[in-house]
Amino acid sequence: MTEPTAVQPTLNDIVALCKRRGFIFPSSEIYGGFAASWDYGPLGVEMKNCVKSLWWQDTVTSRDDVVGMDGAVTTHPRVWEASGHVEGFHDPLVDCKTCGHRFRADKLDEECCPLKPSKTPRECGGELTPPRDFSLMFKLHWGPVEDSANITYLRPETCQTIFPNFKNVLTATRMRVPFGIAQIGKSFRNEITTKAFIFRQREFEQMELEYFVHPSESDKWFAFWLERRRQWYLSLGVRESHLRLRQHGKDELAHYAKDCYDVEYKFPMGWSELEGIANRTDYDLRRHSEFSKKDLSYRDDLTGEKYFPWVIESSAGVDRTILVLLSDAYDIDQAPNDKGEMEERLVLRFSPKVAPVTVAVFPLFKKPGLSELARQIEHSLRGPYRTAYDETGNIGKRYRRQDEIGTPLCITVDYDSLEDHAVTIRNRDTMRQIRVSVDQIHQAVADQLKEMEKPRG
Ligand code: GAP
């Protein structure tokens, strides 16, 4: 194997690979597509399930101070008045009087004119209207009558179903501050700028933790969750050099926040937000108390102190995490083909924790005896691992197909296997092959995967 090249894929490279191999498809493609909407295919949904389950494990089930919930996507409209979204969840928007298109006033330099794609809306000569506020919430009528009395919204963030349930969770679980409530679910925003694949969608999934603390301990817990969340991305195999924490300046800080950092990743289009970690103070519990007229304060039964806990929030995007994993894993190196000649190889260097297939099993040829043994091995690995079986095409092509979807290990059953009861295990990254006896496969697979889970630096 030659040294891997330092590959920084473009977004188009990733979109093309995702479609070709079944990670992510453009939504409603046969009808011409649907802006800012994407469907996860067979490999994409496996990755998504891995990401969500690893987050849940790290944030909820491995801790005794965090519980989960799963709130409704649509809520009472007062929730969004209390949260401040009805009044303030807007983007500034301008219309072009020449082409009729709308653009985000604060992102004009990142947009292209639809009539003159090489120019931005500022440069194309079209006359722009003055900026006006555009609500990012999707409005809908709740129930069979379409009048203003039953307007509500699709939630633009999951956390606003956590705060109204603060007392319910407290009473049901008898948790004591500090403790957290976590949730994974869909959110919806009527985004104006939509050209960044799954980075900015109108329907997306969030993983949010609201961690309730005594106000005097908020700085300590803020620092704790910042580092904990950074470590989580490293544990998924994301390169440390492509990850950074960026503190919000005073001008960007939300009005309710005391402090906020973005976990940023070096995406193909540049450094951008992957997750927000904020000290939200007691804003949400106070506002929901005020608007609902229900007391959401907390009484410490040991000290007798009654107060509104402050909230440390970690708010991560499932889809942005998937885009990080795809961009981070994408690599091109040189590998020998069936004739022993070196050729370019596209390989996804996923950590085994998130690879949609962990082990693929092949018979060298589609022949009786070989196929049965390969099937038996694949079935024995199914369950502990995500497996695939492939007997079509020559062996080199089959390795390449698995490399392209990031499968860490491939096991090949050959004619000798029928005599010596041993198989070949091939490592995706080193391309080294080792011979292992059939009854040692589970141990050998576990050892190699453990090695491949180590951080990439
Ligand atoms: N509750 C706080 C909150 O929602 P946010 O920074 O607006 O904070 C948190 O969103 C995360 O949700 C982002 O860091 C991103 O990962 C994800 N996210 C937000 N808008 C998104 C969109 N339009 N498409 C995909 N992911 C999005």
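Each reported figure results from applying straightforward, stated rules to the coordinates on display, with no laboratory input. Being a predicted model, the structure only gives us computed values, none of them experimental. Ideal geometry is used to build each Cβ from the backbone, glycine not excepted, and the neighbour counts take in all protein chains shown.
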For this session: Note down the nm distance, to one decimal, between modelled labels 7 Å out along Cα→Cβ at ASP64 and at ASN168.
Result: 2.7
Exercise. Can you list, largest first and rounded to whole Å, the semi-axes you get for the chain by taking the square root of 5 times each eigenvalue of its Cα gyration tensor?
Worked result: 45, 30, 20
Problem set entry | Inter-label distance for SER241 and PHE365, nm, one decimal - labels placed 7 Å from Cα along Cα-to-Cβ | 4.6
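What area, in nm² and to one decimal, does the C-alpha convex hull of the range 357-452 cast on average over all directions? Don't jump to the answer; show the numbers that get you there.
On the way: hull surface 21.3 nm².
Taking the Cα atoms of the range 357-452, their convex hull projects to 5.3 nm² on average.
Work out, step by step, the length gained on full extension between ARG228 and MET342: first 0.36 nm times the residue separation, then minus their alpha carbon distance; give nm to one decimal.
On the way: separation 114, 0.36 × 114 = 41.04 nm, distance 4.23 nm.
Full extension of this stretch gives 36.8 nm more.
Please report Rg over Rh for the range 355-402, where both radii come from the alpha carbon positions and Rh follows the Kirkwood definition.
On the way: Rg = 10.5 Å, Rh = 10.9 Å.
Rg divided by Rh gives 0.96.
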Exercise. At a Förster distance of 30 Å, what's the computed FRET efficiency of ASP133 paired with HIS76, Cβ-Cβ distance as r, to 0.05?
Worked result: 0.80
For this session: Assuming R0 = 25 Å, can you tell me the calculated FRET efficiency for the pair ASP39 and LYS195, based on Cβ-Cβ distance, to the nearest 0.05?
Result: 0.90
Exercise. Can you give me the relative contact order of the chain as a percent, contacts being Cα pairs under 8 Å and 6 or more apart?
Worked result: 14
Problem set entry | Simple spin-label estimate for ILE30 and LEU418 in nanometres, 7 Å along Cα-Cβ | 4.3
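Percent antiparallel among DSSP beta bridges with both residues in the chain, to the nearest 5?
Numbers: 70 of 82 bridges.
The answer is about 85 percent antiparallel.
How about the range 97-169: which GluC sites (Glu not before Pro) there lie in a loop by DSSP and see at most 16 other Cβ atoms within 10 Å?
GLU123, GLU127, GLU146
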Problem set entry | Fraction of the pair-distance distribution of the range 104-262 above 25 Å, Cα-Cα pairs, percent | 53
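Would you mind giving the three semi-axes, in whole Å and largest first, of the ellipsoid equivalent to the range 1-145 according to its Cα gyration tensor?
Working: eigenvalues 224, 178, 58 Å².
For the range 1-145, the ellipsoid semi-axes come out as 33, 30, 17 Å.
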For this session: Excluding residues fewer than 8 places away in the same chain, name every one of the lysines whose C-alpha is closer than 25 Å to that of LYS167.
Result: LYS186, LYS220, LYS258, LYS293, LYS294, LYS306
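Going highest first, how would you order 285-292, 354-361 by mean Cβ packing within 10 Å? Don't skip to the end; give the middle numbers.
Details: 285-292: 17.4, 354-361: 25.0.
Top of the packing list down: 354-361, 285-292.
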For this session: Give the dimensionless ratio obtained when the Cα radius of gyration of the range 90-135 is divided by 2.2 N^0.38 Å.
Result: 1.03
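Work out the FRET efficiency for ASN12 and THR120 from their Cβ-Cβ distance, taking R0 = 22 Å, and round it to the nearest 0.05. Don't skip to the end; give the middle numbers.
Values: r = 20 Å, r/R0 = 0.90.
Efficiency at R0 = 22 Å is approximately 0.65.
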For this session: Above 23 angstrom, tally the Cα pairs of the range 284-442 and express them as a % of all pairs, no decimals.
Result: 53
